[in-house]
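Okay, here's the structure, questions in a sec.
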Amino acid sequence: MNAIELSNVSKRYEQKTVVKNVQLKVRTGERMVMIGHNGAGKTTLMKLMLGLTRPSEGQVQVLGVDPAVSTSSKRQTLGYVPESVAFHGAMKGREVLAFYAGLKKVPAAHYNDILARVGLKDAADRRVSTYSKGMRQRLGLAQAMLGDPQLLFLDEPTSGLDPSLRRQFYELIDSLSRSGTTSLISSHSLNEVEARADRIAILKNGVLLACGTMPELLEQTGLPIYVQLKTAAAAVNSVAEKMGWAGEVHKLDERNLEIRCRVSGKMELVRRIAALGDSVEDMNIVPPRLDEIYNHYMENVQPQ
Ligand code: ADP
């Protein structure tokens, strides 16, 4: 079953169309990441899925219902971490969660457990004003996790976090995903999310340009991969010659060369490299990163 289904969804604000004819399905338990420039429409799409705003055209279905007319018990199955998490600084972490738990009718034992899961157990009785940015983000996630939501919406959840806090944050999302929670994350940090996403949706000016796994997007773009070889002494020229069929070969120095080849030619290339025996001492395959894939779509694919 799909957790989210958008069919021909458009959203206009006065004369401006900010989401254009978007079709998107997110499967249950999937980690979907939306990427796009500022103003691409990521937050608007999230608001449409949360039922905070209605589409001008098309249909939005979340967990089988229209979120804009959904009942409060259905809404409790959604969690949302907005881009800037702001809580009252004078309140303690535990009090903030108790407040939201009251709104969601979640028992106290449950939110104590969540505080521990997000690593705020020891800081639970400190005022939020003393929290670091990372702690506030985690309190935001704790708030969204109340009531065991089936669907989590995270808008730029790691902006302003240092690399180790980012990793902790994604590990938490991964563990939620393993227990069946669907997550929809918008992000600017492309290379950070590529390993964290099951599928990636690329938005430009309100249009969904592409949506797929990293290998699917890579195949669609036709971008080359790079195969780097370290050769035995004095073998670099003969190896370079034998690999010429695969694509452009660049000799980097007396032992190393790089072949630029099509994804579709990768396995044949690997077989032929293996057949060279001791002439090749080491090999490294470097696929394009998400930022290159993203740039390809931004520069080469025009929204219809
Ligand atoms: P993103 O999250 O990708 O940065 P948004 O969804 O926030 O993009 O915004 C998409 C476009 O919609 C922007 O041009 C923004 O100015 C416009 N927009 C968003 N909300 C409103 C609103 N309430 N009224 C008018 N325009 C809006």
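The values are calculated or read from the model by the stated rules, or taken from the named source; none is laboratory data. Predicted, not measured: the structure shown is a model, and the values here were computed from it. In this analysis, Cβ positions are derived from the backbone assuming ideal geometry, glycine residues included, and neighbour counts consider all displayed protein chains. Side chains are part of the model used for accessible areas, which takes the heavy atoms of the whole protein and leaves out ligands, DNA and RNA. Shrake-Rupley method; radii C 1.70, N 1.55, O 1.52, S 1.80 Å.
Report in % the part of the accessible area of segment 122-276 that belongs to carbon and sulfur, leaving out ligands and nucleic acids; probe 1.4 Å.
For segment 122-276, the apolar C and S fraction of the accessible surface comes to 48 percent.
Report the local net charge at Glu83: Lys and Arg +1, Asp and Glu -1, summed over other residues whose C-beta lies under 9 Å from its C-beta.
For residues surrounding Glu83, the net value is -2.
Turning to a different aspect of this structure: Quick one: what are the phi-derived ³J(HN,Hα) couplings along segment 100-116, Karplus 6.51/-1.76/1.60 with θ = phi - 60°, whole Hz, x for glycine and proline?
Coupling constants for segment 100-116: 5, 5, x, 5, 8, 6, 9, x, 4, 4, 5, 6, 5, 5, 5, 4, 5 Hz.
Would you please give the residues with an amide H less than 5 Å from that of Glu281, counting only those at least 5 places away or on a separate chain, with H modeled from the backbone geometry?
Lys230, Thr231, Ala232
A further question on this structure: Net charge within 11 Å of Asp282 by Cβ-Cβ distance, Lys/Arg positive one each and Asp/Glu negative one each, not counting Asp282 itself?
Spelling it out: positives minus negatives among the neighbours equals +1.
For helix 163-178, what angle does its Cα long axis make with the longest principal axis of the chain, in degrees from 0 to 90 and rounded to 10?
Once rounded, one gets 80 degrees.
Rounded to the nearest 500, what is the chain's calculated 222 nm mean residue ellipticity when only DSSP H runs of at least 4 contribute -39500 (n - 2.57) each, over all residues?
-9500 deg cm²/dmol
Helix 133-145 against the longest principal axis of the chain: what's the angle in degrees, Cα atoms only, rounded to the nearest 10?
Its long axis makes an angle of about 70 degrees.
Name the residues whose placed amide hydrogens come within less than 5 Å of the amide hydrogen of Ser186, ignoring near sequence neighbours (fewer than 5 apart) on the same chain.
HN-HN under 5 Å from Ser186: Met34, Leu154, Asp155, Glu156.
Which lysines have a Cα lying under 22 Å from the Cα of Lys11, excluding residues fewer than 8 positions away in the same chain?
Straight-line reach from Lys11, under 22 Å: Lys20, Lys25, Lys42, Lys47, Lys204.
Within a Cβ distance under 12 Å of Arg167, other residues only, what is the Lys/Arg minus Asp/Glu net charge?
-2
Could you give me the ³J(HN,Hα) list for segment 220-235, computed from phi with Karplus coefficients 6.51, -1.76, 1.60 and θ = phi - 60°, whole Hz, x at Gly and Pro?
With the stated coefficients, segment 220-235 comes to 4, 6, x, 5, x, 9, 10, 10, 9, 10, 9, 9, 5, 4, 6, 9 Hz.
How many Å² of accessible area per residue for segment 224-287, probe 1.4 Å?
Value for segment 224-287: 60 Å² per residue.
Nearest 10 degrees, 0 to 90: what angle lies between the long axis of helix 290-300 and the longest principal axis of the chain (Cα atoms)?
Between helix and principal axis, roughly 90 degrees.
If you average over every viewing direction, what projected area does the convex hull of the Cα atoms of the chain give, in nm²?
19.5 nm²
Just the accessible area per residue of segment 2-219, please: how many Å² with a 1.4 Å probe?
Spelled out: the 1.4 Å probe surface of segment 2-219, per residue, equals 44 Å².
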